[in-house]
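*Asks:* Right, I'll just put the structure down here and ask away after.
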Amino acid sequence: MLAGLEIFDQDTGLPVLVRSLHVLAGITWIGLLYYFNVVQVPAFASYGDEARARNVSIEKLASRALWWFRWSAVATLVMGLLILGVTKDYMKDFMTDTSFIGLGHSAAIFVGMLFGITMAANVWMVIWKNQKVVIANAATLVAGGEANPGAAAAGRSAALASRQNFIFSFSMLWFMVGAAHLYGAYNGDSAGKAWLFVIIAVVIGAALELNALGYFGGKAATNKLLWPYESHRNAIITGAVLWAVLYLLSEALLK
Ligand code: HEM
């Protein structure tokens, strides 16, 4: 049996190992994303004036959670991109079946990856960058120092990007898993339809991301366009609507 084992074959050897590590890292990352969004942030918000306890919690607990969060995001991204590299004929199939993105599988994984890569960029370039300011401020306050006047704005930027990642995550996971298990059978009778799906998904995704970064009217709570990010309930609704829209589009264009 082992004689026939091809190290780069889809269902044996390296691709299976890399996929397993990818999923393991992915659940760690997204699990912590959900913990932040539906547990920690609402809990910390309810602390009210217990500022000291809150600061200690941020320093001791959030720092650990954030370490696992940002490094599992890197591991997920690296393993995800490695799947493309170590799976025999993966890139060849991507490029040559009817056309690039001509297959339902290719279109679905392309959208899943774009959302995932955007989310990883948010983790490092927005969430972690701003959380460092929030954590440093909390530590200074606990030590009896002066508050950083920029800390609230940094916290707001991190929260908007984190809720945007939460919103993306439902659709990202759907297309990530659906690539092999739902859309693989479609073999590209119309590459135009698959492209249309990808373009619509990219435009909607880009609009949401730019909105979360404050490009459409700033980051103040008075900006009505930021409704999706004002509570985890709003983010759940927005994430579900995004998933439903993309699901219906995929039914029409990828099957
Ligand atoms: C960060 C960017 C990401 C990239 C570039 C990426 C890339 C990939 C690729 C190329 C595949 C193989 C798809 C196929 O051909 O069937 C895949 C599968 C998968 N990914 Fe990701 N991924 C990312 C993020 C995530 C995240 C955050 C999760 C969360 C758990 C995740 C979970 C999965 C799962 C469950 C599969 C299906 C494995 C299978 O059916 O064998 N991915 N990913």
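*Asks:* May I ask for the angle, rounded to the nearest 10°, between helix 151-181 and the longest principal axis of the chain, with both axes built from Cα atoms and the value confined to 0 to 90°?
*Replies:* Roughly 20 degrees, rounded to the nearest 10.
*Asks:* Roughly how many debye, to the nearest 20, is the charge dipole of the chain about its Cα centre, given +1 on each Lys and Arg Cβ, -1 on each Asp and Glu Cβ, and no other charges?
*Replies:* My answer is approximately 720 debye.
*Asks:* With labels modelled as points extended 7 Å from the Cα through the Cβ direction, what inter-label distance (nm, one decimal) is found for Ala152 paired with Leu17?
*Replies:* 5.3 nm
*Asks:* Can I ask one more? Normalising by the residue count of the chain, find the relative contact order in percent from Cα pairs under 8 Å and 6+ residues apart.
*Replies:* Computed value for the chain: 22 percent relative contact order.
*Asks:* Sticking with this structure for a sec: Output the peptides 133-145, 25-37 sorted from most to least packed, where packing is the average of other Cβ atoms within 10 Å over each peptide's residues.
*Replies:* 25-37, 133-145
*Asks:* Under a straight-distance cross-link criterion of Cα-Cα below 20 Å, which lysines are reachable from Lys60, leaving out those fewer than 8 residues away in the same chain?
*Replies:* Output for Lys60: Lys129, Lys132.
*Asks:* Once the piece of chain linking Trp71 and Lys255 is laid out straight, how much longer is it, given 0.36 nm per residue of separation minus the C-alpha distance between them?
*Replies:* Length gained, Trp71 through Lys255: 62.6 nm.
*Asks:* For helix 13-35, what angle does its Cα long axis make with the longest principal axis of the chain, in degrees from 0 to 90 and rounded to 10?
*Replies:* Tilt relative to the chain: about 30 degrees.
*Asks:* Would you list which lysines come within 17 Å of Lys193, measuring only between C-alpha atoms, while excluding same-chain residues fewer than 8 positions from it?
*Replies:* Lys255
*Asks:* Would you mind calculating the gained length between Tyr47 and Val177 on full extension (0.36 nm times residue separation, minus the Cα-Cα distance), in nm to one decimal?
*Replies:* The Tyr47-Val177 span can extend by a further 43.0 nm.
*Asks:* Going highest first, how would you order 68-78, 105-115 by mean Cβ packing within 10 Å?
*Replies:* For the peptides 68-78, 105-115, the packing ranking is 105-115, 68-78.
*Asks:* Where does the chain land on the Kirkwood hydrodynamic radius, alpha-carbon pairs, in angstrom?
*Replies:* 19.8 Å
Coordinate-derived values only; no laboratory data. All of these numbers come straight from a predicted model, not from anything done at the bench. All Cβ positions, even for glycine, are placed from backbone atoms using ideal geometry, and neighbour counts span all protein chains on display.
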